[in-house]
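Student: Before anything else, here's the structure in question.
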Amino acid sequence: MKFSVDKHDKYVTLKLKEPKFTNDNSPGLKSELYLLNAEGFKNIIVDLSHVKECTDAQDLSCLLVGDRLCKSANGLFIVTGINDQLAPIIELSNIFQSVTFVNTLAEATDFIFMDELEKEFRGAK
């Protein structure tokens, strides 16, 4: 599985660099999400902008794992880079009811920083 990881202070971005989202690379993505969470990252952004095809909604279940890990750490799990080919299968899977999807990477980082500011304001870090 080809991917890149860009670590920052408040979040990490994992960019899948595969043309297809399949049951071959789904376990690798899930493993990487566990590793990043174990390293202490509670805010994870997954960028799927390179992915052009996903034929089985089951392959998307690894995104639910990332969402669960981040929520249990009081963080955010955000998916970005969804194109017109992926949107129908995501809608079919109903994963959008649990996972946060945004249009751009900039939007995802803004979302995380706003959430962190809100937590600091409330005194719940």
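The values are calculated or read from the model by the stated rules, or taken from the named source; none is laboratory data. As the structure is a computational prediction, the values presented were derived from the model and not from experiment. Cβ placement follows ideal geometry from the backbone for every residue including glycine, while neighbour counts extend to all protein chains displayed. Side chains included, ligands, DNA and RNA excluded: accessible areas come from the protein's heavy atoms. Shrake-Rupley method; radii C 1.70, N 1.55, O 1.52, S 1.80 Å.
Student: I'd like the full set of residues that are among the aliphatic types (A, V, I, L, M) and either over 12 Å from the mean Cα position of the chain (by Cα) or in a helix (DSSP H, G or I) (or both), limited to region 6-53.
Tutor: Quick first cut of region 6-53, residues among the aliphatic types (A, V, I, L, M) only: 12, 14, 16, 29, 33, 35-36, 38, 44-46, 48, 51.
Within region 6-53, Leu29, Leu33, Leu35, Leu36, Ala38, Val51 meet the criteria.
Student: Looking at Glu118, Glu91, Glu107, which one is exposed (fewer than 15 other Cβ atoms within 10 Å of the Cβ) and in contact (Cβ under 8 Å) with a residue 24 or more places away in the chain? Quick ask: steps written out before the conclusion?
Tutor: Numbers: Glu118 fails: in contact (Cβ under 8 Å) with a residue 24 or more places away in the chain; Glu91 fails: in contact (Cβ under 8 Å) with a residue 24 or more places away in the chain.
Only one candidate passes the filter, namely Glu107.
Student: Could you give me the residue pairs with C-beta distances under 9 Å whose first residue belongs to region 2-14 and is of a type in the set (S, T, N, Q), whose second residue is open to solvent by 40 Å² or more (accessible area, probe 1.4 Å) and outside any strand (DSSP E or B) wherever it lies, and which are 6+ apart or on separate chains?
Tutor: Pairs found: Ser4/Lys17; Thr13/Leu105.
Student: Scan region 94-104 for residues that are out of contact with any Leu (no Cβ under 9 Å at 6 or more places or on another chain) and either in contact (Cβ under 8 Å) with a residue 12 or more places away in the chain or hydroxyl-bearing (Ser, Thr, Tyr) (or both) and jot them down.
Tutor: Within region 94-104, Phe101, Val102, Asn103, Thr104 meet the criteria.
Student: Let me ask something additional. Step by step: first the residues of region 74-101, then only those that are small (Gly, Ala, Ser) and at pLDDT below 95, then the one that is nearest to Asp47 (Cα to Cα). Which residue is that?
Tutor: Step one: of region 74-101, the residues small (Gly, Ala, Ser) are 75, 81, 87, 93, 98.
Checking which are at pLDDT below 95 leaves us with 81, 87, 93, 98.
Numbers: Gly81: 5, Ala87: 14, Ser93: 18, Ser98: 17 Å.
This residue is Gly81.
Student: Taking into account only those residues within region 54-73 that are surrounded by fewer than 17 Cβ atoms within 10 Å (Cβ to Cβ) and of a type in the set (A, V, I, L, M), which is modelled with the lowest pLDDT?
Tutor: Here is the first cut: in region 54-73, the residues surrounded by fewer than 17 Cβ atoms within 10 Å (Cβ to Cβ) are 55-58, 61, 64, 68, 71-73.
Restricting the remaining residues to those that are of a type in the set (A, V, I, L, M) gives 57, 64, 73.
Working: Ala57: 80, Leu64: 94, Ala73: 95.
Filtering region 54-73 for residues that are surrounded by fewer than 17 Cβ atoms within 10 Å (Cβ to Cβ) and of a type in the set (A, V, I, L, M), the one modelled with the lowest pLDDT comes out as Ala57.
Student: Quick one: which residue in Val51, Val79 is closer than 15 Å to Val5 by Cα, buried (at least 20 other Cβ atoms within 10 Å of the Cβ) and not charged (D, E, K, R)?
Tutor: Testing whether each residue is closer than 15 Å to Val5 by Cα, buried (at least 20 other Cβ atoms within 10 Å of the Cβ) and not charged (D, E, K, R) leaves just Val79.
Student: Also: For Glu32, all conditions in the list (1) surrounded by fewer than 17 Cβ atoms within 10 Å (Cβ to Cβ); (2) touching a residue at least 12 places away in the same chain (Cβ under 8 Å); (3) touching a strand residue (DSSP E or B) at 6+ places or on another chain (Cβ under 9 Å) hold save one; what is the number of the exception?
Tutor: (1)
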